[in-house]
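Notes follow the structure.
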Amino acid sequence: MTQSAPVTQQQHLAAFVERYTTRTKTSKQIAQTYRSVLADPRNTLGFFPPLKELCYPIVGERSSGSRIWDVDGNEYIDVMMGFGVNLLGHNPPCIRAALQEQLEKGIQLGPQAELAGEVAALIHELTGMERVAISNTGTEAVMTAIRVARAVTERPKIAVFAGSYHGHFDGTLVNVESAKGYPFAAAIAPGILPKFIEDVLVLEYGSPHALDIINDHAHELAAVLVEPIQSSRLELQPRQFLHQLRQLTATANIALIFDEMVTGFRIHQGGAQAWFGVEADLATYGKIVGGGLPIGIIAGKAAYLDKLDGGMWQYGDASAPHVETTFFAGTHCKHPLAMAAAKAMLEHLKQQGPELQERLNQRMAHFVDQLNTELATEGVPIQMVSSGSMFGTPGGGVTVGDRPAPTANAAAIGMSLLSYHLRDRGILLRGNGGFLSTAHTDEDLSTILEAVKDSIRELRYGGFLPAKK
């Protein structure tokens, strides 16, 4: 891009808003038309008064491989990838064929799903977890894992770590706050009753002091819930801490739960447990394993999963369910379409072997190295980090951040604008990062790098980024 002289921030923003909203006018019209009836938090993500006219989600019309096309016909290289779902890209042939075959058979709810046992057996084979239960979402899976841990241990409290995300269950939507120097768990949003979180300890991930607190409360802790690689801090991977945590929880008979919604089947075929060499008592999976359809998985040792169905028994002898159960149900659990997609996905992963994740991880590391070189060359004071085939900013990961503060300076506004400039150039991110799929080509990654370079230069020209030194 060649321009003779810088423009004012107001001139740049006005020109960009006109360009962007013209390009994506139907997405904006849809957001406005249905705002009165559709209550959707995505419609206000990133809202900031100076950028109000840009605040609407892109509405997708179709997708294939690494690409999405919106309702205005614009084509995007997608690194949002379904918030980490689409490891094989959009609409992969193996998933499409499985869904078409199941649709011909019907979507029968009520009878046992034909493929549920095969899906459980494949998860057992790939992860090493003894038993498997199937729900609809990641939030449901985490809720169930916590309930099971409390039922088995007969203890009330759980420990979580600040910065982790475990779904939108009231009992895990907590932050750590302090009063008179004493830390305590506090709800992150209105409507979450203090009673839901009074039995939750919020600790610092990777801190030796956290281990001391867990040890002090061992007699009342049912579980320690861990997002082993936090989506909000990809750079934090405390291997030694996790091994110490495993030893401590095993000694104290506290259930160690790995929340593997994002890491499961992505960083390694065996997930974060294989990545770190730590065997959890329970693990929850979702996203990738569903092949694009809603799913939640609770997997773990039989001593815990037996609480859902009474444990192992067989026909033709005197055996019977022998474990007192807790409650678990759901109309759409083991939905036939979800089972068909999950089976196809798991069979593909089994066939490809761990080399699939290894290749993706290497490609992502190389891409982030190139991206950081470009950022340094352009004088932008940020460096990206990767973890497996995920990338984001340190302390920012792949999540969408909070709304910018009203007093945000030009540089902060410029960083908010960067994602819009990239979107305008046909790059669809998740917040300040994203995910790599097997469908992304080297050409795709080169295009992203060029888009980043051009966007930075345009933002600098508009006065939203400091001059290059």
field: Low-density loop positions, trypsin sites (Lys or Arg not before Pro), segment 130-161 - DSSP coil, at most 10 other Cβ in 10 Å
entry: none
message: Restricting to bridges with both residues inside the chain, how much of the DSSP beta-bridge set is antiparallel, in percent to the nearest 5?
response: 65
Rounded to 5, the percent of DSSP beta bridges in segment 93-352 classed as antiparallel: 50
- prompt: Order of 49-60, 453-464, 29-40 by packing, highest average Cβ count within 10 Å first?
  reply: 453-464, 49-60, 29-40
- request: Please tell me the relative contact order of the chain in percent, rounded to the nearest whole number, where contacts are Cα pairs under 8 Å and at least six residues apart.
  value: 21
- request: As a check on your grasp of the helix formula, calculate [θ] at 222 nm for the chain: sum -39500 (n - 2.57) over DSSP H runs of n ≥ 4, divide by the residue count, round to the nearest 500.
  value: -12500 deg cm²/dmol
Label-point separation in nm, HIS366 to ALA14, each point 7 Å along Cα→Cβ: 4.7
task: Scan around ALA159 for amide H atoms under 5 Å from its own, H built in the peptide plane at 1.01 Å from N, and keep only partners 5 or more places away or cross-chain.
output: LEU201, ALA223, VAL224, LEU225
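How large is the direction-averaged shadow of the alpha-carbon convex hull of segment 93-352, in nm²?
Numbers: hull surface 63.0 nm².
Mean projected area of the Cα convex hull: 15.8 nm².
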statement: Helix 9-23 sits off the longest principal axis of the Cα atoms of the chain, rounded to the nearest 10 on a 0 to 90 degree scale, by 60
task: Mind checking segment 265-369 for chymotrypsin sites (Phe, Trp or Tyr not before Pro) that DSSP puts in a loop (not H, G, I, E or B) and that have at most 15 other Cβ atoms within 10 Å?
output: TRP313, TYR315, PHE327
- prompt: Using a simple spin-label model with points 7 Å from Cα along the Cα→Cβ vector, what separation in nm is obtained for GLU220 and THR21?
  reply: 5.4
message: Show me, for segment 244-251, the HN-Hα J-couplings you get by feeding each phi into the Karplus relation (A = 6.51, B = -1.76, C = 1.60, θ = phi - 60°), rounded to Hz, glycine and proline as x.
response: 5, 5, 4, 5, 5, 5, 5, 5
Hz values of 3J(HN,Hα) by residue in segment 305-317 - Karplus curve (6.51, -1.76, 1.60), Gly and Pro given as x: 5, 4, 5, 8, 9, x, x, 6, 8, 8, 7, x, 9
Qualifying GluC sites (Glu not before Pro) in segment 109-182, DSSP loop, other Cβ atoms within 10 Å at most 10: GLU154
field: Table column - 3J(HN,Hα) (Hz), segment 169-176, Karplus curve with 6.51, -1.76, 1.60, x for Gly and Pro
entry: 6, 3, x, 10, 8, 10, 10, 9
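Here, each number is a calculation from the coordinates, and none is a lab measurement. What you see is a predicted model; the values in this text were computed from it and never measured. As a convention, Cβ positions derive from the backbone with ideal geometry for all residues, glycine included, and neighbour counts pool all protein chains shown.
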